[in-house]
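**Q** This is the structure I have questions about; it appears just below.
The values are calculated or read from the model by the stated rules, or taken from the named source; none is laboratory data. These numbers come from a predicted model, not from an experiment. Methodologically, a virtual Cβ is constructed for each residue, glycine included, from the backbone with ideal geometry; neighbour enumeration extends over all protein chains shown.
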Amino acid sequence: MLSLLKILHVLAALGWVGGMFFAYFILRPTAAEQLQPPQRLPLWSEVLTRFFRWVWIAVLTLWGSGMGMLALWGSKPPLYVHVMLGGALAMTLVFIGVFFFPFRKLKTCTLEKTWSEAGAALNQVRQAVLVNLCLGLIVICVAVGKWPL
């Protein structure tokens, strides 16, 4: 059972953090170079709609598998597990904030073709993605390195 929980946990983290890396470092600069706002912003709106569906699945999988592993671990998990939980909570809160505020605004403004406002909303999403990407990489380093012990 523990092995299955670990596999689900790693796959969910890989999808979420890897997706943020791709969006930030590959898709974002390419879209900015190749597309004008009337093409770029609807693209981002649709890409994020699809990606965020998977992020919701990842969040639920990560919390479910994490709590399952914690239950199997017992009452005294190592300190690094507490650090991972703190990182997971921070990432989840950032994602929820992005999903319900700037992302929704991006979708609305894109449909209304108010490109300036849509661009501002996308910039807020971009900043939050960078924060979550950094948090995700830190959590991965903590998990793999089991630091602090």
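**Q** Hey, Phe51 hits all of (1) of a type in the set (Phe, Trp, Tyr); (2) closer than 17 Å to Leu11 by Cα; (3) not in a helix (DSSP H, G or I) but one; which does it fall short on?
**A** Unmet for Phe51, out of (1) of a type in the set (Phe, Trp, Tyr); (2) closer than 17 Å to Leu11 by Cα; (3) not in a helix (DSSP H, G or I): (3).
**Q** Report whether or not Leu79 is modelled with pLDDT of 95 or more and of a type outside the set (Ser, Thr, Tyr).
**A** no
**Q** What pairs can you find where one residue is in the range 79-107 and closer than 18 Å to Val131 by Cβ and assigned to a helix (DSSP H, G or I), the other is aromatic (Phe, Trp, Tyr) and modelled with pLDDT under 95, and their Cβ atoms are less than 9 Å apart, with a gap of 6+ or different chains?
**A** Val83/Trp147
Matching residues to (1) more than 16 Å from the chain's Cα centre (by Cα); (2) over 22 Å from Pro148 (Cα atoms); (3) exposed (fewer than 14 other Cβ atoms within 10 Å of the Cβ); (4) among the small types (Gly, Ala, Ser):
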{"site": "Pro78", "(1), (2), (3), (4)": "yes, no, yes, no"}
{"site": "Gly86", "(1), (2), (3), (4)": "no, no, yes, yes"}
{"site": "Phe95", "(1), (2), (3), (4)": "no, yes, no, no"}
{"site": "Leu106", "(1), (2), (3), (4)": "yes, yes, no, no"}
{"site": "Lys113", "(1), (2), (3), (4)": "yes, yes, yes, no"}
{"site": "Ser116", "(1), (2), (3), (4)": "yes, yes, yes, yes"}
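**Q** While we're on this one: Give the number of residues within the range 1-43 that are surrounded by 14 or more Cβ atoms within 10 Å (Cβ to Cβ), among the aliphatic types (A, V, I, L, M) and closer than 21 Å to Gly87 by Cβ.
**A** Of the residues in the range 1-43, 9 are surrounded by 14 or more Cβ atoms within 10 Å (Cβ to Cβ), among the aliphatic types (A, V, I, L, M) and closer than 21 Å to Gly87 by Cβ.
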